[in-house]
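One structure is given below, encoded as structure tokens.
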Ligand SMILES: Cc1cc2nc3c(=O)[nH]c(=O)nc-3n(C[C@H](O)[C@H](O)[C@H](O)COP(=O)(O)OP(=O)(O)OC[C@H]3O[C@@H](n4cnc5c(N)ncnc54)[C@H](O)[C@@H]3O)c2cc1C
């Protein structure tokens, strides 16, 4: 049977998929395979995870979650889904600082692509990584920890440096979050007060179809403190009176509790519940990350394309991400605003539109999300990352024979 990604828009070409039952077995597979790539939970929309040789899925490896309360870290088997990790952390009184919109994705797969949630002070999930244990091309195990020379190049690594078997993450004491949804935020108010809007809660997401004079939904997630009060008016937007789904026409039973009810962090920070389908399922996604200082101009540039975008769009989401120092992180070097598109599954039409969006966002040095669809027709990614050449040198040193190379890396990163 053909193995596809979660969305079903990409069928992996790799001829072999292995499910090792132990790290030793994984090491042997890597040592004896000329080409190998790791699979996470297959939520990427492109061919990033694929390879010309063997794919290894880590779902057969023993799962482990080890909390170190003194170091305030957790070491987790790399294929663990964030939702599973979050439940174990919360039960032990601990938490992560942030989560993506869905808890279904694997830790290793998410950090490899700079997956993020939202929040002016929330960094990409990869920024919480303080250590990695990786299988090298010869099958041996090596560790890289925060502070090592190559660490900042090794976390958002697109699977190019080895297969992660364990990831160590920063943790904090568990906390509660309340989620409010407001409807019909006037675009004028959003653009005039963008800083106030995005800093009004720990995590803020704006959902729009780019048409009309208002943004349809604003999702705000606030850490609950004794002084927490739900907001009646939000820059002209009004509180939703019932649970909402960000996509039109989908049952909000899939979404985490709203209406300002307080609950554990992991049951509010993701938009979607672990035991339900996230988003739609029948969809494609793209996202571009622009510098925070260019956000208003970039949003205006996309709005100007609304007539072309709207017929293919289910919904767009605008989020903020705090900067970090990871070489290939989409927030490397400074705060970013993410402009995301959930498309109808019309691949040819979406592919034809992406160059237009990328041309409109090119003046803002927009970085495409590594795991979503993008065109990069002019092969411009190198110009967007100051440590690009360092990453390429790191790949050349770590994997001189190209065991972890694939078509995506050849096309976008490692080409001459
Ligand atoms: C419905 C939906 C909602 C989404 N929401 C968000 C969101 O809120 N924010 C956001 O930023 N993104 C989002 N994404 C994108 C998603 O988070 C990324 O594509 C992420 O990389 C998926 O992780 P995965 O475990 O499925 O990885 P995969 O797609 O399986 O693999 C991704 C990459 O990780 C590598 N990899 C996987 N495991 C390992 C390992 N053990 N060692 C080394 N490399 C490994 C693979 O080789 C590949 O290069 C969403 C996607 C979907 C489908």
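Just so it is clear, none of the values below were taken in a lab; they were calculated from the coordinates. Note that this is a predicted model, so its numbers are computed, not measured. Because the Cβ atoms are built from the backbone with ideal geometry, glycine has one as well, and the counts that use them run over all protein chains shown.
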Quick note, the range 64-174: a/c under 1.5 would make it rounded; otherwise a/b > b/c is prolate and the rest oblate (a ≥ b ≥ c, C-alpha gyration tensor); here it is prolate
Compute the length gained on full extension between residue 344 and residue 91: take 0.36 nm times their separation in residues and subtract their Cα-Cα distance, giving the result in nm to one decimal. 87.3 nm
Taking the Cα atoms only, what angle lies between the long axis of helix 388-398 and the longest principal axis of the chain, rounded to 10 degrees? 30
Which value in deg cm²/dmol, rounded to the nearest 500, describes the helix-derived mean residue ellipticity at 222 nm for the chain, given -39,500 (n - 2.57) per DSSP H run of n ≥ 4 and division by the residue count? -5500 deg cm²/dmol
Return one number: the angle in degrees, 0 to 90 and rounded to the nearest 10, between the long axis of the Cα atoms of helix 347-361 and the longest principal axis of the Cα atoms of the chain. 70
Prolate/oblate/rounded call for the range 309-380, Cα gyration tensor, a/c under 1.5 rounded: prolate
Percent RCO, i.e. relative contact order, over the range 24-138, from Cα pairs under 8 Å lying at least 6 residues apart: 23
Can you sort 385, 175 by how many other beta carbons sit within 10 Å, fewest first? 175, 385
Helix 23-32 vs. the chain, principal-axis angle (Cα, 0 to 90°, nearest 10): 70
Quick check: Cα centre of the range 370-416 to Cα centre of the range 28-66, how many Å? 19
Selected from 216, 308, 35 as most flexible by GNM, with the chain as the system and alpha-carbon contacts under 10 Å: 308
Compute the Cα gyration tensor for the range 175-216, then decide on rounded, prolate or oblate, letting a ≥ b ≥ c be the square roots of its eigenvalues: rounded whenever a/c is under 1.5, prolate when a/b is larger than b/c in the other cases, and oblate in all that remain. oblate
Cα centroid distance between the range 102-150 and the range 222-241, in Å? 33
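Given contacts defined as C-alpha pairs under 8 Å and at least six residues apart, what's the relative contact order of the chain, whole-number percent?
With pairs under 8 Å counted, the relative contact order is 18 percent.
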I need the fraction of alpha carbon pairs in the chain separated by more than 36 Å, rounded to a whole percent. 21
